[in-house]
Structures are given as structure tokens and as C-alpha cells.
Amino acid sequence: MNKSLALIILLIATAANAKSIYEPADCRTTGASKEIKIYVKGIPYQLGDSSKICDRNYSFIDSGDGSTIILAGPNSDELGINAQNEIYFASFGSRKAINIGSIPVRSDFIENKTFRDIAQIGGSLFETIYIINEDKLTIAYPSYELIFSDEQCIYKNESSKNCSQLKGTYKNPICAWQSGERKILANNDRCKDLRDNIDSRPRK
């Protein structure tokens, strides 16, 4: 991807997240070893990953329980539509933040150590929920899909043996969730956030 376009995408995502509860963190190099420390409200944290340098945007989230979440954004070589924020987690009282995984830059922090990513692939919007559980980053099950411009084979429920071809449109989208290789029909209330997202998009 053209780096200028990628930078625009990243700035849009950063601007959107700036309206949330992300706060800037200060990256400083210490000593001849060029080891970096991330300062959060004046308190230094050592990153568990020694390969990082101050060539990226660092921010943090106060999770509300005394633990700290530090996000390391992509550097100039990592820009793109699938750019990732690496997640570092420091438990209460610890000054060492360990790398627990990564999430897309476009993800929003919603509550209780939980992030939501909404991505469009073809004629569907996909929701992925990331949860920090102690010192692990996990994906909530199930993940939901809102089909708004496609026809797919959907099972009525988990016990169904055959699927039906269902077509989703902007006016009448279909909510589904993935169970192995099968897509199962879900109540539309489960896709409310995805529905709100397509309602804000230009109609075709």
C-alpha cells in the first residue's frame, strides 16, 4: 500500500481513538544501551520486549483496577489497512509491561479491559472482541458477522443439518455467527453495533 495513503488511514484511526480514553505515553531512551522506558503519568515502565525503540506512537489506558495497558502503535514500515497496536500489560504495582499480543489500530477500547474491532470484508461487517484476562489477550466467542451485500449459506440453528441461501441487503441485513465451518443465524439484536455501523455508511 502507498505509505501516504496508509498514513492517512492511520491518522483517521488515531483521531477516532483520540476521542476515547487513550492517553499519550512518553517514550525515553536510557543510558548507552538505548534501553527504552515508557512513562505513564510520570511513572516509568520497562517493556518486556527489548526490541522496541522510540520510533512509534505510545499510548496508555488506565484500566480502572490499578493495572496499566500500554499500546505501541505501528512504525512507518508497518503502516497499512491492517496495522496493529501491540499491547503491553502491567499488573497492579508492577513496573514491567509484558507483551500479550496485538489488535488492529482501528479497534476501540470499550470497557473492562475489552476492545472491539469492526472490519469490512466484502459484503459483510465482522465484529471481533478482544479481552485482557489477567496477562493474556483472548478473543471472545462467538464473533458476529452482519451480511449487508452478499448471499451466503446460513444454518437456522446449531442442530440444523442443511443450510439455506440467504441474501443480506442494506435494508435487511442478516446477523450470523461462526461455528467451525458453519454460519449460524443469530438474532438481529446481537448485531446492533454492526447495524449502527452500516447505518452510518453511504448507501450504494
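I want the local charge near Leu185. Using Cβ-Cβ distances under 12 Å, sum +1 for each Lys or Arg and -1 for each Asp or Glu among the other residues.
Here the count lands on +2.
Applying a 10 Å radius around every beta-carbon, put 78-89, 151-162, 116-127 in order of their mean neighbour count, most first.
Result, highest mean first: 78-89, 116-127, 151-162.
Lys and Arg at +1, Asp and Glu at -1: add these up for the other residues within a Cβ distance under 12 Å of Tyr155 and post the number.
Spelling it out: positives minus negatives among the neighbours equals +2.
Order of 65-77, 91-103 by packing, highest average Cβ count within 10 Å first?
Listed from highest to lowest mean packing, they are 65-77, 91-103.
Each residue of the stretch 121-130 in order: what ³J(HN,Hα) in whole Hz does its phi give by Karplus 6.51 cos²θ - 1.76 cosθ + 1.60, θ = phi - 60°, with x for Gly and Pro?
So the Karplus estimates, Gly and Pro as x, are 10, x, x, 9, 10, 10, 10, 10, 9, 9 Hz.
Using a Förster distance of 25 angstrom, determine the FRET efficiency expected from the C-beta separation of Ser159 and Arg195, and round it to 0.05.
Calculated value: 0.40.
Label Asp65 and Lys167 with points 7 Å out from Cα along Cα→Cβ: what is the distance between them in nm?
Inter-label distance under the simple model: 4.8 nm.
Report, in listed order, any pair from Lys113/Lys167; Lys52/Lys113; Lys156/Lys192 with a Cα-Cα distance greater than 26 Å.
Lys113/Lys167
Each value in this text was obtained by applying a stated rule to the coordinates, not by laboratory testing. Note that this is a predicted model, so its numbers are computed, not measured. Because the Cβ atoms are built from the backbone with ideal geometry, glycine has one as well, and the counts that use them run over all protein chains shown.
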